[in-house]
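Below is one structure, written out as structure tokens; the observations come after it.
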Amino acid sequence: MRADHRARWRPELATAPEIRHRRRLGAALALPAALTLLVLVIGPSLAVLGLSVTDYRLGMPGANWVGAANYAALATDAGLRGSLANTFAFVAVVAPLAVFGGLWVAILVAGAGRARGLAQTVFFLPVTATLVAMATAWEVLLHPSFGMANALLGVLGLPAQRFLSDPNLALWTLAVLAVWKLLGYNVLLFLAGLATIDRTLYEAAALDGAEAGWRRFTLVTWPMLAPVTLFVTVITLIRTFGEFELVVVLTNGGPDGATEMVLFTLYQEAFRYFDIGRASALAAVFLVFVMALSLTQIWIAERRR
Amino acid sequence: MTERSACGLTVEDLTVRYGETTALHGIGFVVEPGALVSILGPSGCGKSTLLRAIAGLEPVTSGHVAVGGRDVAPLRPAQRGVAFVFQSYALYPHMTCRANLAAPLVMTELSALGRVPLAWRLSSTARRTRHSIAARVERTAAMLEIEPFLDRRPGALSGGQRQRVALGRALIREPDLFLLDEPLANLDAALRQTTRAELRALQRRLGATTLFVTHDQAEAMAISDRVIVMFDGRIAQVGTPDDLYRTPATLQVARFLSQPHLNEIPADVLRDAIGIATAGRPIAVGGVPLRGATGIVAVRPEHAEIREAARPGLPGLPVTVTEAEHGGADSHLYLRDAGGRRLAVRLPSERLPDWPAGRAGVFGFRLDAARVFGDAGGPSRAMAS
């Protein structure tokens, strides 16, 4: 009883010294986390913003103020523009497939009964496996002369493809692999969401004439999954926008820049051409995009409450 | 199946088994049209399973269920003409109360096109159906007095308001049979009392055939035309509340209906406790001569009393007061006899000060209101009271 009473802080009953003490205590407890955040996140972000308006190059003694020139280059420089265009095309294809594909697979897996555990493991495997190792397997599968993918196309009577070296095809090959990579994670999130839906809602739906299929999906499953879907969508967009591994491991941006995307270009500008100013401008754009997405998610989630 | 007898509900030899365990053992009963029948029993007795099996939410192992004279075995839950009110209400949390009420009609009466937002305007049938649905929602809401919060979501309502919306969603379908699964269990005590009276009045007004599951014997007795008492997946007794009160079929039923306490005294103990001057007239307990009775004599606290001395010629057990439980106008006084048996009597609260803990007295009871149960638990002899 007593401890309970003391545990409950009632500001309207507190005296002035008590409030001061409590504030000091709160500040002291928050300090380590706040400092870490400042040093590791906020500081570097501000530094990036600062560098993005200079012509600083790695190893140079000083830097000059260039204003918005680096940002203007994002719009005018053919290489950078191509990279941004590739990224948006990639996101536009991969994100919907990974989100809705994940939802579809999760609903199938949830209804799989005894095979459920197996199916879950199979779909989650790409998430746990190292992509760099898996990429070797993909290279073999997609090899133009002895790859299994082309063998399959041959069986179907279709011409062989150079999946990773055809400039018209390479980006879409990466898109397929990206979906493969993201799907398991999304399936897992959707399965967790499905498990939290109250069973009696499905029973109520059955009595209301929505026992199965599309009706049940629209009446109960989809609306009840809305918060999970929002989260999955945002996470998927951020991860797709920031795709890097696949490009480095499988195409290295080629052929002829066909698979260059924002993070890969950023890396190239910074660590190959040492043009930190440009890289920083690109990083700032990436940061703004991620932040806008996160804020949108928080805003929608708060409004629904 | 009773032929065309306009039955409300007929259940015949219904068995539900999950692997090794049997939840329902050959249940059979009939609910007349317009009647309110309660299924009463402790947790885990199978009463909810029975309700869910009738609704089609639980697979039936064997047996027949007919709603309105129609065998429902081949029908989906939505086609059975039954409405179900869940203990948790199971309202769709993302929809307004208006949409919740409309949901069963939207799902069964509108075409796929008619359910699509905006696109339904293209179809004249959908426009007409939507119009009639809106009117029925208004009518149902008016009946339950829930119009003020029709446009709110269930999350913004109190328990009582949600309960009404859930009831509305059941009523709006105008079903042949209402199945209510502990609909009052999540309400607080005062609201439970008023809501059950309202529920009863509404049921009478609509003449709705209703099956009502509860574990609260007072609730079942208060609102039912008939009560089905269940234990361990079997029906123990079916009767009017009065039948159950006067002539419980088994000791188990008597115990369940006489909460919080039923006095159970072995007949031979009672025989030994008969006061002096027994000669002359024989003593009958609940119509059974005590002289030959075996088994348990059951006495409700309201038919028992505590006195300073035994009445001559009547059974009286010497007891000591252990504690009192104040219950408003009437209170329960708990006693212990020489054999360590716990007994209880009900008495007006103003008499409590006369019987402090530790005081000795004699426990007596109304002979005609007591019942004798054989050792097996059933009545020792068929009798009318």
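The values are calculated or read from the model by the stated rules, or taken from the named source; none is laboratory data. Quantities reported herein were computed from a predicted structural model and do not represent experimental measurements. All Cβ positions, even for glycine, are placed from backbone atoms using ideal geometry, and neighbour counts span all protein chains on display. Ligands, DNA and RNA are stripped out before the accessible areas are found, and what is left, the full protein with its side chains, is counted by its heavy atoms. Shrake-Rupley method; radii C 1.70, N 1.55, O 1.52, S 1.80 Å.
Quick grid of which residues meet (1) modelled with pLDDT under 85; (2) among the aliphatic types (A, V, I, L, M); (3) surrounded by fewer than 18 Cβ atoms within 10 Å (Cβ to Cβ); (4) not assigned by TED's automatic domain parsing to the domain that holds residue B:210:
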| residue | (1), (2), (3), (4) |
| --- | --- |
| B:122 | yes, yes, yes, no |
| B:134 | no, yes, yes, no |
| B:140 | no, no, no, no |
| B:149 | no, no, no, no |
| B:158 | no, no, yes, no |
| B:166 | no, yes, no, no |
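Taking residue A:145 as the residue in question, decide whether it is away from chain B (no Cβ under 14 Å), of a type in the set (Gly, Ala, Ser), open to solvent by 60 Å² or more (accessible area, probe 1.4 Å) and over 30 Å from residue B:109 (Cβ atoms). Yes, satisfied. Looking only at residues in region B:288-313 that are farther than 27 Å from residue B:244 by Cβ and part of a loop (DSSP other than H, G, I, E, B), which one is most open to solvent (accessible area, probe 1.4 Å)? Ranking the candidates gives B:308 first.
Within region B:333-342, how many residues turn out to be touching a Lys or Arg at 6+ places or on another chain (Cβ under 7 Å) and under 17 Å from residue B:273 (Cα atoms)? Qualifying residue count, region B:333-342: 2.
State the number of residues belonging to region A:174-185 that are in contact (Cβ under 8 Å) with a residue 24 or more places away in the chain and open to solvent by 60 Å² or more (accessible area, probe 1.4 Å). Total meeting the criteria: 2. Just a yes or no: is a residue in region A:272-279 within 14 Å of chain B (Cβ to nearest Cβ), of a type in the set (Phe, Trp, Tyr) and open to solvent by 20 Å² or more (accessible area, probe 1.4 Å)? Checked region A:272-279: no residue is within 14 Å of chain B (Cβ to nearest Cβ), of a type in the set (Phe, Trp, Tyr) and open to solvent by 20 Å² or more (accessible area, probe 1.4 Å).
I'd like to check something: does region A:151-164 contain any residue that is within 14 Å of chain B (Cβ to nearest Cβ), open to solvent by 50 Å² or more (accessible area, probe 1.4 Å), more than 17 Å from residue A:255 (Cβ to Cβ) and not aliphatic (A, V, I, L, M)?
The first filter runs over region A:151-164 and keeps only residues within 14 Å of chain B (Cβ to nearest Cβ), leaving none.
Scanning region A:151-164 turns up no residue that is within 14 Å of chain B (Cβ to nearest Cβ), open to solvent by 50 Å² or more (accessible area, probe 1.4 Å), more than 17 Å from residue A:255 (Cβ to Cβ) and not aliphatic (A, V, I, L, M).
For the condition within 30 Å of residue B:113 (Cβ to Cβ) and touching a residue at least 40 places away in the same chain (Cβ under 8 Å), residue A:205 does not qualify.
Listed by position, the helices (runs of 4 or more DSSP H) enclosed by region B:1-120 that each have at least 2 residues that are more than 22 Å from residue B:235 (Cβ to Cβ) are B:97-109, B:112-115. The residues of region A:186-205 that are open to solvent by 10 Å² or more (accessible area, probe 1.4 Å) and at the interface with chain B (Cβ under 8 Å from one of its Cβ atoms), listed by number, are A:198, A:200, A:203.
Of the residues making up region B:63-119, those that are surrounded by fewer than 17 Cβ atoms within 10 Å (Cβ to Cβ), touching a residue at least 24 places away in the same chain (Cβ under 8 Å) and more than 10 Å from every other protein chain (Cβ to nearest Cβ) are B:64, B:71, B:81.
Consider region B:30-59 and keep the residues that are touching a strand residue (DSSP E or B) at 6+ places or on another chain (Cβ under 8 Å), surrounded by fewer than 18 Cβ atoms within 10 Å (Cβ to Cβ) and more than 14 Å from every other protein chain (Cβ to nearest Cβ). The one that is nearest to residue B:258 (Cα to Cα) is B:42. Of the residues making up region A:206-225, those that are within 8 Å of chain B (Cβ to nearest Cβ) and open to solvent by less than 30 Å² (accessible area, probe 1.4 Å) are A:206, A:207, A:208, A:209, A:210, A:219, A:220, A:223.
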